[in-house]
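One structure is given here, and the rest of the page talks about it.
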Amino acid sequence: MSSNTDTVAVHGWTAVPRDANAILKGQPYLHKPDSLLVKDIKFPSDNEVVSKVQQFAKEKLTSQTYNHSMRVYYFSMAILHQQFPDHAKTLSSSTLALTCLLHDIGATHEHIHSTQLSFEFFGGILALDLLSKQLNAPKSQAEAVCEAIIRHQDLGTVGTITFLGQLIQLATIYDNMGGNPDMVHVDTRVDVNKAFPRDGWSRCFSDTIREENGAKPWAHTTHLGEEDFPNGVLGNKLMAEYDGWK
């Protein structure tokens, strides 16, 4: 079995537009979303690497960040299967789960202050080390997760990104800022927030952005706007009614 072509599809390496508007063809959604609940979406906890990384994430992340990471997985799966069914036929749910669980590992208080690297870059390095050196994950999978984490806040309109990276961008911006609100069915939105409560996530993440930008005025996050981004997270109207859920 050929190798490169297979791993490209399985681990989400397919090049797609970096511009989210382009991949959605300028529409609110490609396919009208249907109601999809958490119980209908499988989390690959039977995969040994995913199971170990999930435990690692529970230990290293705050409860708010862990719940955000899990919401990103479930929103990603809904977006994947309903908006991009062709990619859903091949993309590994384990690779997606690993990316979601680790995408904010570089944004812990400890890690923000242990390096001069921007949190996405340090997070990608940490994930690559954990997956490839400690857990012996396949090389293509570990590198796909690393690349997607490094680029998960690399929003823009020029060039391409891996499909996995674009999927994580769509799901994180949906959860953090209410981006492309019609892409996910309201039943899915409510159920995912019930299963993994926000517990003040908007304030929590907004404060984390300001913490990093204050410590590292060169941080990659600043390209999203030193005030626009944290204010956009704090003012997330789509998720406001769920933000106090615990």
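The values are calculated or read from the model by the stated rules, or taken from the named source; none is laboratory data. What you see is a predicted model, and the numbers here were worked out from it, not measured in a lab. Here the Cβ positions follow ideal geometry from the backbone for every residue, glycine too, while neighbour counts run over all protein chains shown.
List the residue pairs whose Cβ atoms are under 6 Å apart, where the first residue sits in region 66-93 and is at negative phi and in a helix (DSSP H, G or I), the second is modelled with pLDDT of 95 or more and among the basic types (Lys, Arg), and the two are 6 or more positions apart or on different chains.
Qualifying pairs under 6 Å: 66/58.
So residue 78 ticks every box in (1) of a type in the set (A, V, I, L, M); (2) closer than 23 Å to residue 129 by Cα; (3) touching a His at 6+ places or on another chain (Cβ under 8 Å) but one. Which box is left unticked?
(2)
Could you identify the single residue in 112, 125, 105 that is surrounded by fewer than 20 Cβ atoms within 10 Å (Cβ to Cβ) and not polar (S, T, N, Q)?
The match here is 125.
Could you please find all residues in region 152-170 being surrounded by fewer than 24 Cβ atoms within 10 Å (Cβ to Cβ) and farther than 21 Å from residue 74 by Cβ?
Answer for region 152-170, where residues must be surrounded by fewer than 24 Cβ atoms within 10 Å (Cβ to Cβ) and farther than 21 Å from residue 74 by Cβ: 154, 155, 156, 157, 158, 159, 160.
Based on what the data block shows, is residue 192 touching a Phe, Trp or Tyr at 6+ places or on another chain (Cβ under 6 Å), β-branched (Val, Ile, Thr) and under 28 Å from residue 240 (Cβ atoms)?
Working: touching a Phe, Trp or Tyr at 6+ places or on another chain (Cβ under 6 Å): yes; β-branched (Val, Ile, Thr): yes; under 28 Å from residue 240 (Cβ atoms): yes.
Yes: the conditions hold for residue 192.
Determine the pairs where a residue that is under 13 Å from residue 234 (Cα atoms) and touching a residue at least 12 places away in the same chain (Cβ under 8 Å), located within region 193-212, has a partner that is among the aliphatic types (A, V, I, L, M) and outside any helix (DSSP H, G or I) with Cβ atoms under 9 Å apart, the partner being 6 or more residues away or on another chain.
Matching pairs, first to second residue: 198/239; 201/239; 202/239; 209/219.
Within region 177-189, identify whether any single residue is closer than 26 Å to residue 94 by Cα, assigned to a strand (DSSP E or B) and within 15 Å of the chain's Cα centre (by Cα), and answer yes or no.
No, every residue in region 177-189 fails to be closer than 26 Å to residue 94 by Cα, assigned to a strand (DSSP E or B) and within 15 Å of the chain's Cα centre (by Cα).
If you check residue 171 against the conditions, is it within 15 Å of the chain's Cα centre (by Cα) and assigned to a helix (DSSP H, G or I)?
So residue 171 fits the description; yes.
Search region 113-156 for residues being in contact (Cβ under 8 Å) with a residue 60 or more places away in the chain, under 19 Å from the mean Cα position of the chain (by Cα) and not in a helix (DSSP H, G or I), and hand back the single one that is farthest from residue 10 (Cα to Cα).
Looking at residues that are in contact (Cβ under 8 Å) with a residue 60 or more places away in the chain, under 19 Å from the mean Cα position of the chain (by Cα) and not in a helix (DSSP H, G or I), I get 118.
Any idea which residue in region 42-56 is surrounded by the fewest Cβ atoms within 10 Å (Cβ to Cβ), counting only those that are in contact (Cβ under 8 Å) with a residue 40 or more places away in the chain and either in contact with an Asp or Glu (Cβ under 9 Å, 6 or more places away or on another chain) or not in a helix (DSSP H, G or I) (or both)?
Top of the filtered list is 42.
Can you tell me which residue is nearest to residue 118 (Cα to Cα) among those in region 218-239 that are among the hydrophobic types (A, V, I, L, M, F, W, C) and part of a helix (DSSP H, G or I)?
Here is the first cut: in region 218-239, the ones among the hydrophobic types (A, V, I, L, M, F, W, C) are 218-219, 224, 229, 233-234, 238-239.
Keeping just the survivors that are part of a helix (DSSP H, G or I) gives 224, 229, 233-234.
Values: 224: 13, 229: 15, 233: 19, 234: 21 Å.
My answer is 224.
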